[in-house]
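**Student:** Have a look at this one before I ask anything.
The values are calculated or read from the model by the stated rules, or taken from the named source; none is laboratory data. The structure displayed is predicted, hence computed values, not measured ones. Every residue, glycine among them, receives a Cβ derived from its backbone with ideal geometry; neighbour counts consider all protein chains shown.
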Amino acid sequence: MRLKSILNTVGISAAGTLASAMLIGSAMAQTQIDVILPMTGPTAGTGELFKNGVDFAFSEVNDAGGVHGKKIAPRILDDGGTTQGGTDRVRQAISGGAKIILQGGGSAVAAAISADVKRWNERNPDNPVLLIMMGAEAAQLTKKDCHFYAFRTSTNADMRVKALVKALSENNRLGTKVFAINQDYSWGREMDAAVKENAAPFKYQVVGSVLHDVSKIQDFSPYVERIRESGAETVVTGNWARDLLLLMQSVASANLKAKFATVFLDEKGNIASAGKAAIGSYVATPFVAEAGGAEGEVYLKKFNEKTGANPVSAGNNAVMAIRLLSRAIAAVPEKDMLNATAVALALEKTTAPWVHGEVSIRAEDHQLRLPLVVGEVSTEAKFKLDGTDMGLKPVKVLTAAETEVAADGSCQMQRPK
Amino acid sequence: MPPQEQSPRSSARVTVVRILPIALVLGALIGLPRFADMAFLNAMVMVCIAALYAMGYNLLWGQAGLISFGHATYFAFGASCTIMTMAAIEGGSSFPTPLLPLAGGAASFLMGLVAGWFATIRTGVYFAMITVAITELVRAIVQRWDSMFGGEAGITSIRMAWGPIGFQKLLDVYYFTLAWTIIGILLLWFLQRSPLGTVIRGIREQEERVRFLGYDTHALKTLVFAISAGVSGMAGGLLAFTNESTNVALYEGAYSTTVLINTVIGGAGVFLGPVVGATLTTLFGYYVANLTYYWLLYMGLLFMVIVVYAPRGISGLGVDAVRRLRSGAPVRWDLLGRFALGWLVVTIGAIMTIELIGAVVQPSYGALARSSGVAWPPVRVFWVSWSPASPLTLGGIALLFGLGAVLLRDTAGTASRNVSTLADAIAGKPGPGV
Amino acid sequence: MDAFLVALLNGLVYGLLVFMVSAGLTLVFGMMGVLNFAHASFYMLGAYAAFLSGRYVGFWGGLVVATLAVGLVGLFSERLLLRKVRSFGHTQELLLTYGLFFMIEEVVKLLFGPTPVAYRVPDELRFTAFTIGNSQFPFFRLLMGATALVMFFGTFAALRFTRIGLIVRAAVERPQMVSALGHNVPIVFSGLFAVGSALAGLAGAVAGMYYPTSPAMAHELGSIVFVVVVIGGLGSLNGALAASLLIGVMTSFAVGIESTFGDLFRALGLSGLALPGLEAVQFSSIAGVLPYALMLFVLLWRPAGFAGNRA
């Protein structure tokens, strides 16, 4: 008797939800866009940042009535953080009819996906696919490996280093002795080169540079001793995750006075994990709430309400990508809203609003132009991060023109006739 | 691992029984592209590659009894050398495109000769640790040698046409991969049947005796290692051919892990066991990854269940079941039904638990709770919305697990006897476990 | 000279940390012949347990809770899982611990997410212990080293001077004989497994404050501890200590070397063999793989390890 009534309750509530779900489903005309993210595997933390940005940005678009009267629903595909996963997901997406693919995550996966999309487009010129890489920072993606259907809505090593040293030297915080410590793979080597290139224009001396094994170093103390011996005042590093945290721990516990200039310090968990060791470090990042005034505060609040997380680091690049994309789609006729060529041409001319100024795409190599904020980790920051008493205190907001590094002409893309 | 089934069979009927299923599967594989979309065809290409890789890997395990924890090196090296050859063809070399996987296979074979000579000096855990050490050393060099291996961005090339075959469509790639996978598996089959195969199994069981018979066991083990590496390299070559790119990430541990898991799940003791495992896990990863973010956890659970309850893998279960059926033991349908139902309810219970926990701990769930004003907003699992904290949901999950525990208990009802394997269920015997 | 001393000290402290995790592993390995792949996962669980409990019982209490909790997890893993597959041989046991390693990481990801949690050195422990030249040596690193030393002498004394230690040592050597003498060998095994896991838990609780406490924690330390056990020799605490210290010091000094592969080729008179692109690679950038090279060398030259007496 009792069991029966329980079963009845379950059945009714199940049927009810199913019905309501179907109702909602039929009420909106939807367009699906595939988003390839590392939701599992070693870079799942980055995937989470992107997913927050994607969820927020699409809800923003849909709340404003969608594009051409249609809601856009993201479908997240998990690449597991591997190049093979990325390749498989691209084929799944294309097979499912995707014309526009968003990708978030590391450069290696982005490079694999970009190459796949390029080959697909060469073999199927009548049915091209558009790719937006939301977070890959490797320089080659908009240089040698660029192609017409690939866009990158994040920075690269040159832009980050330029923003860091410019902001710090203009505020007399850089000093004249700079040490570069980076991971020994393409990204780290690009950071290393960028630190050396900027020495002359920003009048500092590179007193030492180190490239170390990625995610294998257990103890950075020996490197810290090298930094100490060099007498560096600022240490520039593109390290992320564990290599960044351990480096900062070693420096803090050795009582070294050098300040850190970083790229990925504001990713989730870093400041909480580093604790006091993070104080005084700088980061060049797309968003610092305090620097954005009222607008920054509103964005922070809305983002938080939707995702339960702060808009940090790469999550913001996802928002920029989707704001640009939705405006580009709105700019083409409705029948072309999923025409990759039309949308790509529109993207080249689109600008989108951002808290710290406008963002746009450089037609020459499809690199994003964006403002960056250099912030300092401080307990005096207005908005705290990671549930700690620390946050980012803005040092300087750099406009898109200030962060831009001119293309070197190595990008030779074949434009559609 | 238990030894291979080697009893000679002569009757024609047995041959038909053995050949027929293989012919059916082959027919299905050849006819598949008529019904498959691009995504599924790609998945099947990946299945072929994973299967060939696992088969090559299992030559070492199933035949020689050596478990490698670093086979990714040979898989990846095969891929690298194949892509370099492809680039050479692109640059005008006359190497015939259809023989590309052989380039990878040969390169890995040579590398396997060197690595294998060192590794097979030891056995057991020490052998495994040497394979790990070699993998780490190779990885460290390859990841720094950008001008050779292309670094993080990898090397890309393009498939060049050969005679009438364009190799541009995925369809061509599918048949190409399938053909080479079958060639590779046949090669391993004949090797296993050859006198060399017998000697290798002899080394696994009684190395001393084989040595006293006058064989140089170290040289033989090195040869087996190299052949295993070579077949893995061929699989890597097929991957490079399919993707038209390679990446230094291939040299990382994940690719050593996957092949091990495939072999365990499929069963190392049955010739085609690794193929079963590779098929299952590849398709699982390919499709389930888009349904749930916890697919690796499910994979881990499956692995654990297999290790504990089906130590000879899925194919081992099948072989046992067939043998017991042949021996004339009556089928205990009641036990079989309980077995199936028991595992089904436990699986559903586990999925419910994991999905609900996974949904509730997300920061966005907290945000939803705050914005909607509901303490426990509903979560959708199995197309139904559940309130995660309601007694109905929690009680339902507890009920599923309780039911499973009751169903999987033997009729005798003693605590130590569980109906654990399919074969046990068929034969009505308690499991070997406890 | 100062720089040398600092590098030496850093190397020793890191070596001691590695030893903390390896101690339990080598005992279990020596006794059961099982290389427990999940051992590093127990180390990670220790960090998470201390992080969770530390909020309620404080830093020192957290260490105790982590040690006990992980010991229990180890006990259950042995009795409920490992024991089930023992009859199928060492391979199956090895695979089971491999599966456990995989599972624990995924379960931690499920519960705590993929990013590091805020488990870190308490502020009251952040001070300088002593100064060498210009370098200040932090107290916390000293504490990590001291914990390891206490662990070493404690375990050593327990094995050498107590009755249980005697039985354990005997059971490692001749399990059947010990069983015939009326001792319950399975219980000794379970107990040892639990103690080994608890030691890993304690190591995790201490190290997790310094290293990021994230689901990748087990993976990051994972293979180094196997290297230590193999180099040190099966079941030998002394060997594990020596191997850990050697690896620690070696890695610490390797980082300071600025030579490249090109220099090596030239020194060997092989400049003709110049491999394009590999010449400019610094040795310091591959410091992380030195332990593996050492392990390869030891395995080929003396498979019983530094202090082991059987292979």
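**Student:** Can you tell me how many residues within the range B:148-169 are over 15 Å from B:A240 (Cβ atoms), surrounded by fewer than 20 Cβ atoms within 10 Å (Cβ to Cβ) and within 12 Å of chain A (Cβ to nearest Cβ)?
**Tutor:** Total satisfying the criteria: 3.
**Student:** I'm checking my understanding of the structure. Among residues of the range C:118-158 that are of a type in the set (A, V, I, L, M) and part of a loop (DSSP other than H, G, I, E, B), which one is farthest from C:T26 (Cα to Cα)? Write out each step before concluding.
**Tutor:** Looking only at the range C:118-158, we keep the residues that are of a type in the set (A, V, I, L, M), and these are C:118, C:121, C:125, C:129, C:132, C:142-144, C:146, C:148-151, C:157-158.
Of the ones still in play, those that are also part of a loop (DSSP other than H, G, I, E, B) are C:118, C:121.
On the way: C:A118: 31, C:V121: 28 Å.
Here the answer is C:A118.
**Student:** With the structure loaded, tell me whether A:A180 is in a strand (DSSP E or B) and either within 11 Å of chain C (Cβ to nearest Cβ) or farther than 30 Å from A:L324 by Cα (or both) or whether it fails that test.
**Tutor:** Values: in a strand (DSSP E or B): yes; either within 11 Å of chain C (Cβ to nearest Cβ) or farther than 30 Å from A:L324 by Cα (or both): yes.
Against the criterion (in a strand (DSSP E or B) and either within 11 Å of chain C (Cβ to nearest Cβ) or farther than 30 Å from A:L324 by Cα (or both)), A:A180 qualifies.
**Student:** Just to check your reading of the model, which residue among C:M151, C:M144, C:M103 is crowded, with 16+ Cβ neighbours inside 10 Å, closer than 30 Å to B:Q362 by Cβ and under 25 Å from the mean Cα position of the chain (by Cα)? Talk me through it step by step, then tell me what you get.
**Tutor:** Values: C:M151 fails: closer than 30 Å to B:Q362 by Cβ; C:M144 fails: closer than 30 Å to B:Q362 by Cβ.
The match here is C:M103.
**Student:** Could you list, ordered by first residue, the pairs with Cβ atoms under 9 Å in which the first is in the range C:289-302 and within 9 Å of another protein chain (Cβ to nearest Cβ) and the second is not in a helix (DSSP H, G or I), at least 6 apart or interchain?
**Tutor:** Note: pairs meeting the criteria are C:V289/A:D213; C:V289/A:K216; C:L299/B:I121; C:L299/B:R122; C:L299/C:G305; C:L300/B:I121; C:L300/B:R122.
**Student:** In addition: Can you tell me which condition A:G69 does not meet? The list is (1) surrounded by fewer than 24 Cβ atoms within 10 Å (Cβ to Cβ); (2) modelled with pLDDT under 90; (3) closer than 30 Å to C:S214 by Cβ, and all the others hold.
**Tutor:** That leaves (3) as the condition not met.
**Student:** Also, quick follow-up: Among the residues of the range C:215-253 satisfying the criterion of being among the hydrophobic types (A, V, I, L, M, F, W, C) and in a loop (DSSP other than H, G, I, E, B), which is nearest to the other protein chains (Cβ to nearest Cβ)? Reasoning before the result, please.
**Tutor:** Keep residues of the range C:215-253 that are among the hydrophobic types (A, V, I, L, M, F, W, C), which gives C:216-218, C:221, C:224-231, C:234, C:237, C:240-243, C:245-247, C:249-250, C:253.
Add one more test, that the residue is in a loop (DSSP other than H, G, I, E, B), and what stays is C:216, C:234.
Values: C:A216: 6, C:L234: 9 Å.
Out of the qualifying residues, it is C:A216.
**Student:** If C:T147 passes every condition in (1) in contact with a Pro (Cβ under 9 Å, 6 or more places away or on another chain); (2) more than 27 Å from C:L81 (Cβ to Cβ) but one, which one does it miss?
**Tutor:** Unmet condition: (1).
**Student:** Tell me the residue from B:V322, B:V248, B:V259, B:V307 that is hydrophobic (A, V, I, L, M, F, W, C), over 24 Å from C:L111 (Cα atoms) and facing chain C (nearest Cβ under 10 Å), please.
**Tutor:** On the way: B:V322 fails: facing chain C (nearest Cβ under 10 Å); B:V248 fails: facing chain C (nearest Cβ under 10 Å); B:V259 fails: facing chain C (nearest Cβ under 10 Å).
After applying the criteria, what remains is B:V307.
**Student:** Consider only pairs whose beta carbons are under 7 Å apart and that are at least six residues apart or on different chains; among these, list those whose first residue lies in the range A:396-417 and is farther than 20 Å from A:K143 by Cα and whose second residue is part of a loop (DSSP other than H, G, I, E, B) and of a type in the set (G, A, S).
**Tutor:** A:T399/A:G357
**Student:** Of the residues that sit in the range C:166-184 and are small (G, A, S) and assigned to a helix (DSSP H, G or I), which one is surrounded by the fewest Cβ atoms within 10 Å (Cβ to Cβ)?
**Tutor:** Taking the range C:166-184 first, the residues small (G, A, S) are C:170-171, C:179-180, C:182.
When the remaining residues are screened for being assigned to a helix (DSSP H, G or I), the result is C:170-171, C:179-180.
Numbers: C:A170: 16, C:A171: 21, C:S179: 14, C:A180: 10.
Step by step, filter the range C:166-184, then rank; the result is C:A180.
**Student:** Follow-up question, since we're still on this one. As an exercise: evaluate A:E334 against (1) buried (at least 19 other Cβ atoms within 10 Å of the Cβ); (2) closer than 30 Å to A:N121 by Cβ and give the number of the one condition it does not meet.
**Tutor:** If we test A:E334 against (1) buried (at least 19 other Cβ atoms within 10 Å of the Cβ); (2) closer than 30 Å to A:N121 by Cβ, just (1) comes out false.
**Student:** Moving to a separate point now. When the range B:389-402 is examined, which residues are found to be over 33 Å from the mean Cα position of the chain (by Cα) and buried (at least 18 other Cβ atoms within 10 Å of the Cβ)?
**Tutor:** B:T393
**Student:** Would you mind listing the helices (runs of 4 or more DSSP H) fully within the range B:108-226 where at least 2 residues are over 30 Å from B:I30 (Cβ atoms) and hydroxyl-bearing (S, T, Y)? First the steps, then the outcome.
**Tutor:** Values: elements: B:124-142, B:146-149, B:170-193, B:195-205, B:207-212.
The qualifying helices (runs of 4 or more DSSP H) are B:124-142.
**Student:** Out of curiosity, is C:G256 surrounded by fewer than 24 Cβ atoms within 10 Å (Cβ to Cβ), under 26 Å from the mean Cα position of the chain (by Cα) and either within 14 Å of chain B (Cβ to nearest Cβ) or modelled with pLDDT of 85 or more (or both)? Can you show your working first?
**Tutor:** Values: surrounded by fewer than 24 Cβ atoms within 10 Å (Cβ to Cβ): yes; under 26 Å from the mean Cα position of the chain (by Cα): yes; either within 14 Å of chain B (Cβ to nearest Cβ) or modelled with pLDDT of 85 or more (or both): no.
Here the answer is no, as C:G256 does not meet what is asked.
**Student:** Which of the residues belonging to the range A:341-386 are of a type in the set (A, V, I, L, M, F, W, C), more than 19 Å from A:T403 (Cβ to Cβ) and outside any loop (DSSP other than H, G, I, E, B)?
**Tutor:** Matches in the range A:341-386: A:A342, A:V343, A:A344, A:L345, A:A346, A:L347, A:V377.
So that you can scan it fast, the table gives a plain yes or no per residue for (1) touching a strand residue (DSSP E or B) at 6+ places or on another chain (Cβ under 9 Å); (2) β-branched (V, I, T):
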position	(1), (2)
A:S273	yes, no
A:G280	yes, no
A:T285	yes, yes
A:A289	yes, no
A:E295	no, no
A:N304	no, no
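**Student:** Oh, and also: Could you identify the single residue in B:A219, B:A229, B:A179 that is buried (at least 20 other Cβ atoms within 10 Å of the Cβ) and not β-branched (V, I, T)?
**Tutor:** Values: B:A219 fails: buried (at least 20 other Cβ atoms within 10 Å of the Cβ); B:A179 fails: buried (at least 20 other Cβ atoms within 10 Å of the Cβ).
It is B:A229.
**Student:** Limited to the range C:73-117, what total is found for residues that are part of a loop (DSSP other than H, G, I, E, B) and more than 14 Å from chain A (Cβ to nearest Cβ)? Can you show your working first?
**Tutor:** Here is the first cut: in the range C:73-117, the residues part of a loop (DSSP other than H, G, I, E, B) are C:89, C:113-116.
From what's left, more than 14 Å from chain A (Cβ to nearest Cβ): C:89.
Qualifying residue count, the range C:73-117: 1.
**Student:** Does the range B:278-294 hold any residues that are more than 18 Å from B:V259 (Cβ to Cβ) and in a helix (DSSP H, G or I), and which are they?
**Tutor:** B:Y287, B:V288
**Student:** Six or more apart or on different chains, Cβ atoms under 6 Å: show the pairs whose first residue is in the range A:37-55 and under 12 Å from A:G135 (Cβ atoms) and whose second is surrounded by 24 or more Cβ atoms within 10 Å (Cβ to Cβ) and among the aromatic types (F, W, Y).
**Tutor:** A:L37/A:F50
**Student:** Mind checking which pairs have a first residue in the range C:222-248 that is at positive phi and a second that is not in a helix (DSSP H, G or I), Cβ under 8 Å, 6 or more apart or different chains?
**Tutor:** That search, which allows pairs on different chains as well, returns C:G233/C:A304; C:G233/C:G305; C:G233/C:F306; C:G233/C:A307; C:G233/C:G308; C:G233/C:N309; C:G235/C:G308.
**Student:** Still on this model: If A:Q103 satisfies every condition in (1) in contact with an Asp or Glu (Cβ under 9 Å, 6 or more places away or on another chain); (2) of a type in the set (S, T, N, Q); (3) more than 10 Å from every other protein chain (Cβ to nearest Cβ); (4) free of Cβ contacts under 8 Å to residues at least 60 places away in the same chain but one, which is the exception?
**Tutor:** The single condition A:Q103 does not satisfy is (4).
**Student:** Please count how many residues of the range B:319-358 are of a type in the set (G, A, S), part of a helix (DSSP H, G or I) and surrounded by fewer than 19 Cβ atoms within 10 Å (Cβ to Cβ).
**Tutor:** Going residue by residue through the range B:319-358, those that are of a type in the set (G, A, S) are B:321, B:327-329, B:337, B:340, B:342, B:349-350, B:358.
Checking the rest, the ones that are also part of a helix (DSSP H, G or I) come to B:321, B:337, B:340, B:342, B:349-350, B:358.
Narrowing further to those that are surrounded by fewer than 19 Cβ atoms within 10 Å (Cβ to Cβ): B:337, B:340, B:350.
Total meeting the criteria: 3.
**Student:** Looking only at the range A:358-395, count how many residues are touching a strand residue (DSSP E or B) at 6+ places or on another chain (Cβ under 8 Å), among the charged types (D, E, K, R) and crowded, with 21+ Cβ neighbours inside 10 Å.
**Tutor:** Total meeting the criteria: 1.
**Student:** Would you pick out the residues in the range A:346-389 that are assigned by TED's automatic domain parsing to the domain that holds A:A136, free of Cβ contacts under 8 Å to residues at least 40 places away in the same chain, of a type outside the set (S, T, N, Q) and more than 18 Å from A:P286 (Cα to Cα)?
**Tutor:** Within the range A:346-389, A:A346, A:E348, A:K349, A:A363 qualify.
**Student:** For the structure I just gave you, tell me whether B:I67 is of a type in the set (V, I, T) and either crowded, with 23+ Cβ neighbours inside 10 Å or within 30 Å of C:G262 (Cα to Cα) (or both).
**Tutor:** On the way: of a type in the set (V, I, T): yes; either crowded, with 23+ Cβ neighbours inside 10 Å or within 30 Å of C:G262 (Cα to Cα) (or both): yes.
For B:I67, the condition - of a type in the set (V, I, T) and either crowded, with 23+ Cβ neighbours inside 10 Å or within 30 Å of C:G262 (Cα to Cα) (or both) - is met.
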